[in-house]
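Everything on this sheet refers to the single structure shown next.
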Amino acid sequence: MTENKNQPIITVKDLSIFYKTFRAVKNVDLEIFENKITAIIGPSGCGKSTVLRSFNRMNDFIPGASIQGNILFHDKNIYDEDVDPVQVRRMIGMVFQKPNPFPKSIYENIAWGAKMNGFSGNMDDLVEKTLQDAALWDEVKDELNKNALSLSGGQQQRLCIARALAVKPEIILMDEPCSALDPIATLKIEDLMRELSHNYSIIIVTHNMQQAARASDMTAFFTMDEDRAGVMVEYGLTTQIFTNPKNKQTEDYITGRFG
Amino acid sequence: MPRDTLDRQINNIKDEVLILGNMIEQATLLSVDTLKNRDIRAAHELIEDDQLINDKRFAIENAVLILIATQQPIAHDLRILTAILEVSTELERMGDYAKGICKITIKMGESDIPIPIRDLVKMAELAVTMLHKGLSAFVNENLHLAQSIPLEDDNVDALYHKVYRHVVEVITANPATFDEAHLLLWVAHNLERLADRVTNICERTVFIATGEMMEMDSTDDEDQED
């Protein structure tokens, strides 16, 4: 958690997100910095997951969803017509709230995505490397053919992280990745996030304020304005947001007096 | 309000800080009274009562630690609680100053007081007034008041220098008074330091209100720390 913010890897410019005519997110400007962990916090319905999903065009799957504004990934708007959303999702992977491994072996969970993306190297090496990177290798190395669904919740979530890493993304989006996990499994994921941040940029949506405070470098606080659209109230270093936020709404939310 | 419990408990601890502050105010004024009245018995009693001040300080610290451990306060709430830890330490040290003055009363015994006692009484009154206002600013998070109180320290410093000059004059004129005059300079020193510590309390009040650590007394000399 340093003052050095690195270079922006994602630049959000005047982003609004609509579900049909309803504006769910309004006029967001935000820079996500390379090799940092950025937390998005806010009360239910403030649009934080909607914003997260817009970063790899997951909202494309929702009928009626549309955006205004720009989301630049390395200076290229990911919503430009010449951009392949599949390529966007390869570069910007996602881990979900509930662990969702395929009902296949541990090995196949890693290998499948890599194969689909045309990986032609040594698959055994790739599986080992990604499981090591996801801090799971030591626990599963002797049972790679075991069904992934037999793993514990925390292990399944780390497997999902490994699966996301296997296609070599630059950014990992995490949508409340620990909400289904016990405290120890949660801390393991947080430690893993810190390790991964040396090589990846991580954006996490969390309801758990202590998690945002513990695990992130930057924090964005969202809330709803009077017409129920999500707006970003404050964005800054996590250390600043959780010790001396500039905005009263942020203070009220993080101290548990609102939301 | 979802944090009623936390708010109520913080207010309870603030009340305890005010009670501790009141104990210090009383102890300070009474300690100078013991000197003025040459009341060695009262001085002994005040020294014993310092244990009550220490106990109160530890009780406040314990209450703060429990609140941090059980309520996970952050931001403004956390600043209040860490400031209370700091302020309770300041108050406890002020209690030691009063105890030190009582020890001087005992050491002086029946000896003559070779300088005007009224200056020491006045110093105690000024310092205690600063403390009273400083704690009021602290518990009410009154930024304006907290910023104005350190200016009053100049009056206490001026009296300290007056006492100092008196002591030097008395010792120069009659070196046989050295022991007593020297002890009285320590009384003035303790009262001057008490006022300096009020400035520290005001700095914590500014910290609670703004999140900024600010030195408010540029004349506060580290060499004088004791």
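What follows is calculated from the coordinates using simple rules that are stated; it is not laboratory data. A quick note: this is a predicted structure, and the numbers were derived from the prediction, not measured. Ideal geometry is used to build each Cβ from the backbone, glycine not excepted, and the neighbour counts take in all protein chains shown.
At 7 Å along the Cα-to-beta-carbon direction for both residue B:51 and residue A:86, put a label point, then send me their distance in nm to one decimal.
Distance between label points: 8.2 nm.
Grab the beta carbon distance between residue A:120 and residue B:164, set R0 = 56 Å, and tell me the FRET efficiency rounded to 0.05.
For R0 = 56 Å, the calculated efficiency reads 0.05.
Order of B:160, A:19 from fewest to most other C-beta atoms within 10 Å? Show your work: numbers first, answer last.
Values: B:160 20, A:19 15.
Fewest to most other Cβ atoms nearby, the residues stand as A:19, B:160.
Could you tell me the relative contact order of chain B? Use alpha-carbon pairs under 8 Å, at least six residues apart, and round to a whole percent.
Details: 270 pairs, mean separation 57.7, N = 226.
Relative CO of chain B lands at 26 percent.
Using the Cβ atoms and a cut-off under 13 Å, what net charge is assigned to the surroundings of residue B:74, where Lys and Arg are +1 and Asp and Glu are -1?
Charge balance in the 13 Å sphere: +1.
GNM on chain B, C-alpha springs below 10 Å: top fluctuator among B:158, B:75, B:63?
B:75
Modelling each spin label as a point 7 Å along the Cα-to-Cβ direction, I'd like the residue B:38/residue A:227 distance in nm, to one decimal.
Spacing of the two 7 Å Cα→Cβ label points: 8.5 nm.
Contact order normalised by length for chain A, with contacts defined as Cα pairs under 8 Å and 6 or more residues apart; what percent is it?
27 percent
Taking 7 Å along the Cα-to-C-beta vector as the label spot, tell me the residue A:150-residue B:15 distance in nanometres, rounded to one decimal.
Result: 6.1 nm between the two label points.
What is the dipole size for segment A:118-218, taken about its Cα centre, with +1 at each Lys and Arg Cβ and -1 at each Asp and Glu Cβ, in debye to the nearest 20?
Dipole about the Cα centre, nearest 20: 140 debye.
Whole-Å semi-axes of segment B:3-210's equivalent ellipsoid, largest first, each the root of 5 times a Cα gyration tensor eigenvalue?
36, 18, 11
Using a Förster distance of 30 angstrom, determine the FRET efficiency expected from the C-beta separation of residue A:207 and residue A:75, and round it to 0.05.
Step by step, r from the Cβ atoms, then E = 0.40.
Treating cross-link reach as a plain straight distance, find the aspartates and glutamates whose alpha-carbon is under 18 Å from the alpha-carbon of residue A:168, omitting any fewer than eight places away in the same chain.
Partners within reach: A:34, A:84, A:108, A:124, A:125, A:128, A:133, A:195.
Using amide H atoms built 1.01 Å from N in the peptide plane, name the residues 5+ places from residue A:79, or on other chains, whose amide H lies under 5 Å from its own.
Those qualifying (amide H under 5 Å, at least 5 residues apart or on another chain) are A:71.
Specify the residue with the greatest mean-square fluctuation among B:128, B:64, B:32, computed from a Gaussian network of chain B linking alpha-carbon atoms under 10 Å apart.
B:64
Work out the count of Lys pairs in segment B:3-210 where the Cα-Cα distance is under 26 Å, with the pair 8 or more places apart or on different chains.
23
Residue B:182 label point, 7 Å along Cα→Cβ, cut-off 16 Å on backbone N: hits in segment B:82-122?
Within reach of a label on residue B:182, which here means backbone N under 16 Å from a point 7 Å along Cα→Cβ, segment B:82-122 contributes B:104-105, B:107-109, B:114.
If R₀ is 35 angstrom, what is the calculated FRET efficiency for the pair residue B:85 and residue B:106, using the beta carbon separation as r and rounding to 0.05?
Efficiency for this residue pair is about 0.60.
How large is the helix-only mean residue ellipticity at 222 nm for chain B, computed as the sum of -39500 (n - 2.57) over DSSP H runs with n ≥ 4, divided by its residue count, in deg cm²/dmol to the nearest 500?
-29000 deg cm²/dmol
For residue A:66 and residue A:13, calculate 0.36 nm times their separation in residues minus their Cα-Cα distance, and state this gained length in nm to one decimal.
Extra length from residue A:66 to residue A:13 when fully extended: 17.6 nm.
Sorting A:40, B:104 on the 10 Å Cβ count, fewest up front, what's the list?
Starting with the residue having the fewest Cβ neighbours, the order is B:104, A:40.
Please order A:66, A:49 by the number of other Cβ within 10 Å, starting at the fewest.
By the 10 Å Cβ count, ascending: A:66, A:49.
Find, to one decimal place in angstroms, the Kirkwood hydrodynamic radius of the protein assembly as shown, where the mean of 1/r is taken over every pair of different Cα atoms and then inverted.
26.8 Å
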